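Here's the structure we're looking at; comments come further down.
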Amino acid sequence: MKQLRIEKENTDRVSLKRRIRMNIILNALRSNGSLSLTELSRQTGFNVPTITNLVKKLEAEDYLIREKSHGPGQGRPPQCIRINTSARYVVGLDLGRFNTNIILVDLSRKIIYKKRFHTLNLQEPKVIDQLLNEITNAIQESGVKFSKILGVGMAIPGLVNCKLGRSYTFLNFKDKPIRDVFEKRLDLPVFIENDARSMALGELWFGLAKDAKNALCLNIGWGIGLGIITNGRIYYGNDGFAGEFGHILIKENGHLCQCGKYGCLESLASGRAIAEQVRQIVRNGKDSMLLKLVDGNIDIINAETVVRAAQMGDQLSIEIFEQAGKYIGQGLAILINLFNPEVVILGGRVSQAGRFLLNPIQTEANKRALPHISERAKIVVSELGNLSGALGATTLVKKEIFETAHLDVSGLV
Ligand SMILES: [Zn+2]
């Protein structure tokens, strides 16, 4: 991991060139599975002697495994090369206001450890110690050697500038970027990103945006975030804050939002808003299955409880999702007109409501967006489940060894 940090600095022209080529080889193997040297040469455009040389280096670092191909035909089977998925591991955290998911994955997307824990207040410094403890415990409990950990990726809600390593809405305590605080304490490379963009990265690598060039990923949880994929890459905006979909105006003179403005989408259709609305209606005497689910304790009703009640056929919960879906669809229609996506992926805990949320979103988007554009934009629920944010966070680290876009190639041109 030291080596990753040094390589990040891109000081040496020759090693940078080699690093780019190694990443290209690893990425070709990631996309294709097992390849022979000739196939790898065809895929990457490098000649066989160059490939042989680079493969040796990657083998020395334990990244590759040679295996005999079981293809048809007589004679000596050609050797194939594939990634040694247990060569390194990555820690991914999806930080929530109330709960955090932490996972460890190998170099494929196999999850070898997962835990969900209650998060301390993300605006108080003591949460740093809690997160550091959870990360070290997770590595210990997983049984993976510390030296095999490539790095830690963290998905954080609110405003995050991943390049500077700074988080502004939460975990913003001192002058020092929060990423650097974690790196120093853990002695590991750490990468941070906004949770919705992190989720979009997960969808791009493992999920329903895998083959998409232009996609929108809505993270509907405590708030509402958006990850924008254009031409197969995440769109960041000037300061890395693009995608604050939750704070577009939907209702003139609406409720006060967390951001200090009124009538934002988030104040009407987020998990927090849904739970608040339901609690209020039930308190006012409306009969609902929710009361049974929480043993009469209305205060503990949250978005997940409403999802469960809707799935059991609770009319109030279904109506609430219907209304929330209408608001989200209203905003989404604008996005569809603006971005012309091929797919819109709904993720986050509230998206677990499935058709109860998807159907009204679809209806409203169809009604409001230009038909020619909306007809071609598929709206789907993520298949990565509740761990999509944490899986996305692991790709923040993995892209360091599989992608080249982050490497400064200006010195090579
Ligand atoms: Zn707002």
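Taking the numbered list (1) away from the ligand (no atom under 16 Å from the Cβ); (2) touching a strand residue (DSSP E or B) at 6+ places or on another chain (Cβ under 8 Å); (3) among the acidic types (D, E) in turn, D211 passes all entries but (2). Here region 293-310 is the region considered, the condition is being polar (S, T, N, Q) and open to solvent by 50 Å² or more (accessible area, probe 1.4 Å), and the residue that is nearest to N99 (Cα to Cα) is N302. Evaluated against (1) in a helix (DSSP H, G or I); (2) surrounded by fewer than 19 Cβ atoms within 10 Å (Cβ to Cβ), L357 falls short on exactly one condition, (2). Here C264 clears all of (1) within 19 Å of A196 (Cα to Cα); (2) without any contact (Cβ under 8 Å) to a residue 24 or more places away in the chain; (3) within 16 Å of the ligand (Cβ to nearest atom); (4) open to solvent by 10 Å² or more (accessible area, probe 1.4 Å) except the condition numbered (4). Considering the conditions (1) open to solvent by 10 Å² or more (accessible area, probe 1.4 Å); (2) under 16 Å from the mean Cα position of the chain (by Cα), R376 is excluded by exactly one of them, (2). Within region 205-228, the only residue that satisfies the criterion of being without any contact (Cβ under 8 Å) to a residue 60 or more places away in the chain and crowded, with 24+ Cβ neighbours inside 10 Å is G227. Is there a residue being at pLDDT 95 or above and surrounded by fewer than 20 Cβ atoms within 10 Å (Cβ to Cβ) anywhere in region 88-108? Within region 88-108 (the criterion being at pLDDT 95 or above and surrounded by fewer than 20 Cβ atoms within 10 Å (Cβ to Cβ)), the answer is yes, since at least one residue qualifies.
Taken as a whole, the condition of being within 12 Å of the ligand (Cβ to nearest atom) and either farther than 25 Å from V160 by Cβ or not in a helix (DSSP H, G or I) (or both) applies to Q258. Residues that are within 15 Å of the ligand (Cβ to nearest atom), in the same structural domain as G354 (by TED's automatic domain parsing) and open to solvent by less than 60 Å² (accessible area, probe 1.4 Å) do not occur anywhere in region 277-292. Scan region 267-276 for residues that are open to solvent by 10 Å² or more (accessible area, probe 1.4 Å) and away from the ligand (no atom under 15 Å from the Cβ) and the total you get is 0.
Residues in region 239-255 that are of a type outside the set (A, V, I, L, M, F, W, C) and either surrounded by 16 or more Cβ atoms within 10 Å (Cβ to Cβ) or within 9 Å of the ligand (Cβ to nearest atom) (or both): G240, G243, E244, G246, H247, G254.
The values are calculated or read from the model by the stated rules, or taken from the named source; none is laboratory data. If you're wondering where the values come from, they're calculated on a predicted model, not measured in any experiment. Cβ: placed from backbone, ideal geometry, glycine included. Neighbour counts: every protein chain shown. SASA here: full protein model, heavy atoms, side chains in, ligands and nucleic acids out. Shrake-Rupley method; radii C 1.70, N 1.55, O 1.52, S 1.80 Å.
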